[in-house]
Amino acid sequence: MQSVRWQALAWAISQQNDSVDFVASLTNNDSIYPNDPFPNRLFVGAERVISFSEHDAFEALADAHARRPSYLVGYLGYDLKNQLEVLESRNPNRLGFPDVYFVEPAWVIDFEASDRQTGCVCIRGYGNAQELWQQIVHFQPAPITAPSLVALPPAIQCRVSYDDYLANVRRIQQHILAGDVYELNYCIEFFAEAIHLDPLTVYRALNQRSPMPFSNFMKIGERYVMGASPERFLKKEGQNVLSQPIKGTIRRGKTPDEDSLLRTQLLQSEKERAENLMIVDLVRNDLARSAKTGSVRVDELFGIYGFQQVYQMISTVSATLREGVNWAEAIRHAFPMGSMTGAPKIRAMELIDELEVSRRGVYSGAIGFITPEGDFDFSVVIRTLLYNAQNRYASFSVGSAITYDADPVQEWEECLLKAKAIREVIDGFTTV
């Protein structure tokens, strides 16, 4: 089934016409994840592109769904924060992605259910599903060729120097000492200019190198999102919502004994548990804005989950929506996710804009889908490569939670660990 999914994605990307200028693929990589990961689902084409000309993107999204209940798929960029609070974004939009983008797809293809037409997938959309499936199965994708490594100088640069990073972490710690914040998620950008990427080849390599429960690929014209996210932002089923913030990261071991030791080290780390607990409290407050009184609960605290490169500390917070709160308001009240800001959230976002030298844009926003019934599932946009093929600019960012007792050097090393998979993939699949 996995090979069929890749063939379908390659077919969708190859369709160069006005009706199929949008593709989104969600993949769970057969991951075990609490409350289930993303479905294996492909969205093809744009039956309707949602207009966000009005100031309030969340209201516009809710109105579009109410006018015609359908699947909607897309992303909410981090800089929508400026619509929610009195905030601004001073850094340039080098990638050229809009702050928010959603479509009603022409086709929705699920690879975990079957129908009588295809026997192995479920296809919903506007047209002849059997004919579409025949196009997919008879499509001949171009062969994947072995990449040649990039000659020096390296394609990837970091926009923040090591010394500047250490200085900014110390500045954050002074803000914590002054009582401005008690935790702040500080991020840095890695980028490449004048670079040519084959997005599908790069995404396949990233997915193989770092298979994640919320892997995603999105094509919007000449702009691409290639994501390997391990973190859920918010999920709604019926009247229940849940969020699963991640705070706490450690590398995997090279032997079973070392691996077990590192897992225990993460679980018992007072620093990592304190960071995680701070964000859990923030998420509880965010969900409480939409929840029935007394329904907010912590289902799991400090869960340790293993991925190919790292162990992550994941907690799960859930709630029941109170009467009169619609799905878009639930997203608005929790956005952007506390694991990517710090606490208290508004002051943390003000400091983020003062200290960071790159606009976050799609990064640290949310990517996912809404169902015709108004349920949804959104991941956090982390471990994600963003690429503008028109201006040949590629970017990805990483960050960590800074607390007063954080070691600046260790935080830098954590950022490099999080950047490792994407850096290695780009170095192996680029020509400049």
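Values computed for the structure shown
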{"quantity": "Long-range neighbours under 7 Å by Cβ, at least six apart or interchain, first residue under 19 Å from Ala348 (Cβ atoms) and modelled with pLDDT of 95 or more within the stretch 80-105, second loosely packed, with under 14 Cβ neighbours inside 10 Å and not polar (S, T, N, Q)", "calculated": "Asn82/Glu88; Gln83/His55; Asn91/Val357"}
{"quantity": "Residues of the stretch 235-273 satisfying the condition of being touching a residue at least 60 places away in the same chain (Cβ under 8 Å) and hydroxyl-bearing (Ser, Thr, Tyr)", "calculated": "Ser243, Thr249"}
{"quantity": "Selection count, the stretch 240-274, where residues are charged (D, E, K, R) and either more than 21 Å from Tyr33 (Cβ to Cβ) or in contact with a Phe, Trp or Tyr (Cβ under 7 Å, 6 or more places away or on another chain) (or both)", "calculated": "8"}
{"quantity": "The stretch 249-288: number of residues that are charged (D, E, K, R), surrounded by 15 or more Cβ atoms within 10 Å (Cβ to Cβ) and not in a helix (DSSP H, G or I)", "calculated": "1"}
{"quantity": "Odd one out for Ile220 among (1) under 17 Å from the mean Cα position of the chain (by Cα); (2) surrounded by fewer than 23 Cβ atoms within 10 Å (Cβ to Cβ); (3) more than 29 Å from Trp6 (Cα to Cα)", "calculated": "(3)"}
{"quantity": "Residue pairs meeting the criteria (Cβ under 6 Å; at least 6 apart or on separate chains; first on the phi > 0 side of the Ramachandran plot and touching a residue at least 60 places away in the same chain (Cβ under 8 Å), in the stretch 175-202; second part of a loop (DSSP other than H, G, I, E, B) and small (Gly, Ala, Ser))", "calculated": "none"}
{"quantity": "Among (1) crowded, with 18+ Cβ neighbours inside 10 Å; (2) at pLDDT 90 or above; (3) farther than 17 Å from Glu47 by Cβ, the one test that Cys122 misses", "calculated": "(1)"}
{"quantity": "Residue that is in a loop (DSSP other than H, G, I, E, B), touching a residue at least 24 places away in the same chain (Cβ under 8 Å) and out of contact with any helix residue (DSSP H, G or I) (no Cβ under 7 Å at 6 or more places or on another chain), where the choices are Ser358, Ser379, Ser364", "calculated": "Ser358"}
{"quantity": "Residue count, the stretch 391-411 (criterion: farther than 15 Å from Glu356 by Cβ, part of a helix (DSSP H, G or I) and not β-branched (Val, Ile, Thr))", "calculated": "2"}
{"quantity": "Residue match in the stretch 405-426 (condition: over 24 Å from Gln157 (Cα atoms), in contact with a helix residue (DSSP H, G or I) (Cβ under 8 Å, 6 or more places away or on another chain) and either of a type outside the set (Phe, Trp, Tyr) or surrounded by 17 or more Cβ atoms within 10 Å (Cβ to Cβ) (or both))", "calculated": "yes"}
{"quantity": "Members of the stretch 287-326 that are of a type in the set (A, V, I, L, M) and either within 18 Å of the chain's Cα centre (by Cα) or within 30 Å of Leu261 (Cβ to Cβ) (or both)", "calculated": "Val298, Leu301, Ile304, Val310, Met313, Ile314, Val317"}
{"quantity": "Total residues in the stretch 1-27, condition touching a Pro at 6+ places or on another chain (Cβ under 9 Å), over 19 Å from Ala129 (Cα atoms) and modelled with pLDDT under 95", "calculated": "0"}
{"quantity": "Any chance Ile331 is assigned to a helix (DSSP H, G or I) and in contact (Cβ under 8 Å) with a residue 40 or more places away in the chain", "calculated": "yes"}
{"quantity": "Residues of the stretch 385-432 classified as closer than 21 Å to Ile220 by Cβ and touching a Phe, Trp or Tyr at 6+ places or on another chain (Cβ under 6 Å), total", "calculated": "7"}
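The values are calculated or read from the model by the stated rules, or taken from the named source; none is laboratory data. Computed from a prediction, not measured in an experiment: that's the story for all the values here. No Cβ is skipped: glycine too gets one built from the backbone with ideal geometry, and neighbour counts run over all protein chains shown.
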